[in-house]
Ligand SMILES: Nc1ncnc2c1ncn2[C@@H]1O[C@H](COP(=O)(O)OP(=O)(O)OP(=O)(O)O)[C@@H](O)[C@H]1O
Ligand SMILES: [Mg+2]
């Protein structure tokens with residue numbers, strides 16, 4: 001996860017991070033943990049869209065959720081994103097402006113585990129099938145790769161609690177490195193409270 005800072009990130013006080021992936025891969029759980037560890041703001045787009053009335057009457061057939069009024073949502077978030085220090089959590093990433101993000105993490109979960117997670121949430125029939133197809137055909141990963149520079153897109157396996165810890169730790173390291181690359185003035189804003197150590201961890205033992 002070597003860092004290439006986009007020019008626009010120089011103006012931000014802290015990095016903006018995108019965490020995306022098929023519903024059920026564990027975005028919210030990971031984002032909550034990173035937010036607790038770093039103090040960065042977790043923006044759970046599906047909740048924010050409701051709060052700011054950015055949902056339309058139409059229904060998204062694939063994700064079985066109301067269609068987003070994307071323009072309204074993006075307008076509402078612009079200022080927050082310009083300031084920086086946000087972790088954006090959503091199952092799609094292509095409609096956000098590329099300039100908003102310093103890094104994009106795409107969470108992946110093995111099919112059988114994801115199937116069990118979605119069934120235990122009560123997903124059935126077409127909704128379950130469509131979400132499974134989305135993961136099998138790595139739709140969100142391809143979307144991320146075609147919407148952002150490939151070097152800032154990272155695929156993370158998130159099958160079990162060990163991998164969750166490993167991913168949270170590595171993202172905290174990435175955030176720490178972002179601050180290390182900034183001017184001394186911005187480094188003073190570093191909210192990372194976690195013990196991140198000095199080196200990126202290697203793959204966790206458990207698959
Ligand atoms: N690494 C993990 N190991 C085991 N279970 C996990 C892991 N990550 C998440 N889960 C479980 O999987 C389920 C889905 O997680 P979560 O709600 O975070 O997914 P999500 O990607 O945010 O879904 P959505 O897009 O619908 O909001 C939850 O029950 C959560 O506890
Ligand atoms: Mg979620």
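Only the coordinates and a few stated rules stand behind these numbers; no lab work does. It should be emphasised that the depicted structure is a prediction, and the values quoted were computed from it without experimental measurement. Cβ: placed from backbone, ideal geometry, glycine included. Neighbour counts: every protein chain shown.
General remarks:
- On the basis of the beta-carbon distance and an R0 of 30 Å, residue 154 and residue 52 show a calculated FRET efficiency of 0.55.
- Ordering 180, 102 by the number of other Cβ atoms within 10 Å of each residue's own Cβ, fewest first, gives 180, 102.
- Pair residue 126, residue 36: separation of 7 Å Cα→Cβ label points (nm): 3.8 nm
- For q = 0.16, 0.19, 0.20 Å⁻¹, Debye-computed log10 I/I(0) when each Cα of region 12-187 counts as one equal scatterer: -1.00, -1.39, -1.52
- Compared with the alpha-carbon gap, the fully stretched path from residue 117 to residue 98 is longer by 3.8 nm at 0.36 nm per residue.
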